[in-house]
Every structure is written in structure tokens, then in C-alpha cells.
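S.K.: Sharing a structure below in C-alpha cells format, with a few things to ask.
Bear in mind that the values in this text are calculations on the coordinates, not laboratory data. For clarity, every value in this text was computed on a predicted model and none was experimentally measured. Positions of Cβ are generated from backbone atoms using ideal geometry, with glycine treated the same way; all protein chains shown enter the neighbour counts.
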Amino acid sequence: MNTPFLIYGANGFVGAAIAHMAVQRGERPILAGRNQTKVAALAAELGLDYRVASLDDPAALDRALADVSAVLHCAGPYLYTYRPMVEACLRAGVHYLDITGEIPVYQALAEYDAQARARGVMLLPGVGFDVVPTDCLAAHLKRRLPSATRLTLAFHVDGPVGLPPGTANTMIELIPHGQLTLRRRAGRLEPGPLGGHTRTIDFGEGPVQTTLFGWGDVFMAYRSTGIPNIEDYLALPDATRGMVTIANLLRPIFALPAARELMKRTLPPGVVGSTEDERTRTRTRVWGEVVDDAGRRCVSRLHGPEAGVVWTGLAALAATRNAADGDAKPGFQTASLAYGPDFALACEGVTREDLE
């Protein structure tokens, strides 16, 4: 089957990269966004159909979703964009997928679960690097050690890339919500130390220092596995680690929009953006550990391509194609609940190893 799906926010940095990737793989998505000039130019470049709709225009969104079976929502920060799109998908009976890692958005989307089930609509956020690889690794580790009560996940981006611009902006928008330090203890979300907590982890090429970081798994992996204690760690460059620490310590100030805008404008060179060549020279390594109350322990690792664009695009397209073709469980889902722990391996160039 080749049922059409729609990419909304297709003219953004990651959205455009996913659109190019889709065409390279023989897909013919419909492109959409609010900026007609930019969306039309990209559609002409790729030979695709396009539709124009603003998120504050429900009627236009309804027209944009006509005759499609799934939407890949790529316009963030999702704190401000998820609601009109998910409600349009529920009205139209269209499956909703996005590439967010925003825990407040996951929490909000989960509240639509009953409504989505009644409409036969799947709500599957986080189908990019947030959080397909880590969520699937968590489910795989739970499969290896069903009695696990503690889960630790970490990743290391090894190469010259910076963050996608949208990701960097979203991280700044999340500072007032306290996500950057979140972890799960005894089933409850709670903030970690404001100054950060470090752990040394071997991703396969020797020890690397990582910092506690509130990744989406503290919500999504809990849904997938039921493990009550979850922490995420990220290997951060020195400049970025310092900025995260300062942001956490000064969180009340970042409740002010002006403070967030200033931080966006003053991000150090190299923190944001990447070229195709830089992405080609970058690899991403994911590490996971589960421990149970008897002290039994399992560790597994994933190795894959650059995370923010390449791995995100591969995972998002695989999930969206599944959904568009009818392989979709109604209600709020995680990647591993929808497609199993091995779904991460469907992305080309991804390998998994289990450590004894």
C-alpha cells in the first residue's frame, strides 16, 4: 500500500530534511505549513503536492487533512502547536504522529487517549530520536529483565553536528517547565539536582562523562515498561553543559519570554545547526541499563546515525508509513507499544548489542 500522508511544518529545518528523505525513499507525502511561499517552493523542488493551513484556522486544517490517513507534525515548539493539530486529527479521523521530546506535550496528549480510542485514531508522539531509539531500548531491556525496577538511559552524539534549530529553541522554551532535570522516582516525576548529576558511561569506545538530563523517556518509557525509577543522561559539550546548569539555576528568570529570546540569540557557534557533510560524519550511541531489587543487571547499546535529523527522519518516516497503511493502535501510544522493542532496528544503519 502507498496511502498518502501529510508532513506539516515541511519547510522547517527538520521537516524539509524529512521531506527530502521521503522522496529519496520513493514516498510521495503531501507537504503542508502556514507559509505558502516556502511550502510551495519546497513542493516544486520535490515534485510534491502541498496544502497551506495555519494552526489557528480550524477550517483550513480540516481541508488540509482531507484524504490523508496520517499526519507527521514537524512544527514546534509543540507546547504551542500540538493542540490544534491533534484536535484536527481527531475531527478528521487521521492518525497523529510528531517528533517532539516535550514531556508536557506527552502528558497533554495522553489526556486525549479515551477520545482517540473512540475515534479509532492513534496518537503517537516522539517518533524521531525523541524517543524511538531510547524507548525501544527500554522495552528491549525490560524484555531481558522483566523484574527490573530501575532504568537508566544515556546517549552520546559523536561528531561535528550541532542541535537542529527547532530543538535548541524548544529546549529553551522548556526551561520554565523544569524538564531539563526531570527523573522518575517510585513512579513519580520529580526534579533532579539543579546543578546536574554526572555519571561515567561506556558507549562502546571507552568511558564518557554524561549529565542527568530530562529526556522524554522519563514519561514515555514509563508508559512502555512500567519501570518505576528512570533517569536519562546525555553526553554534553562543555559549553552546552554550562548553559544547561545556568539555565536550571536561573529557571525563574526564564519564565520571562524576553530572557528565553535573549538566550536563543546568544547561543554559542556550533551549538545549533549542521550540514549534510557534518551529519554524515556523525554517529550516535545509545546505552541502557536495567537493575532489579535482587541486584540482577542487564546492559544493551544501540549504534546508529546522526540523531537530530537522520535518525529522526528514518524513524519518523517508518512510523508514519506504518500508520498511513493502517498499522495503528487507537489511543495514546509509544513507539515500542505500537511497533515493538525491535522497531528501532528498522532504521537503516542501526545495530544493537546486548552486554553480558
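S.K.: Run through the DSSP bridge list for the chain and note the antiparallel percent, rounded to the nearest 5.
M.R.: Roughly 60 percent of the DSSP beta bridges within the chain come out antiparallel.
S.K.: How big is the charge dipole of the chain about its Cα centre, in debye rounded to the nearest 20, if each Lys and Arg gets +1 on its Cβ and each Asp and Glu gets -1 on its Cβ?
M.R.: Charge dipole of the chain: 520 debye, to the nearest 20.
S.K.: In sequence order, what are the phi-derived ³J(HN,Hα) couplings for the range 310-324 according to the Karplus relation 6.51 cos²θ - 1.76 cosθ + 1.60 with θ = phi - 60°, rounded to whole Hz, with x for glycine and proline?
M.R.: So the J values, rounded to whole Hz, are 5, 5, 4, x, 4, 5, 5, 5, 5, 5, 5, 5, 4, 5, 4.
S.K.: In the Gaussian network model of the chain, springs joining C-alpha atoms below 10 Å, which of ALA316, ALA186, ALA335 carries the largest mean-square fluctuation?
M.R.: Answer for the Gaussian network model of the chain: ALA186.
S.K.: So what's the net charge close to ARG285: Lys and Arg +1, Asp and Glu -1, counting the other residues with Cβ under 10 Å from its Cβ?
M.R.: -1
S.K.: Expressed as a whole number of Å, what is the distance separating the alpha-carbon centroids of the range 4-34 and the range 47-93?
M.R.: What the calculation gives is 13 Å, centre to centre.
S.K.: GNM, the chain, Cα, under 10 Å: largest mean-square fluctuation among LEU182, LEU48, LEU345?
M.R.: Ranking LEU182, LEU48, LEU345 by mean-square fluctuation puts LEU48 first.
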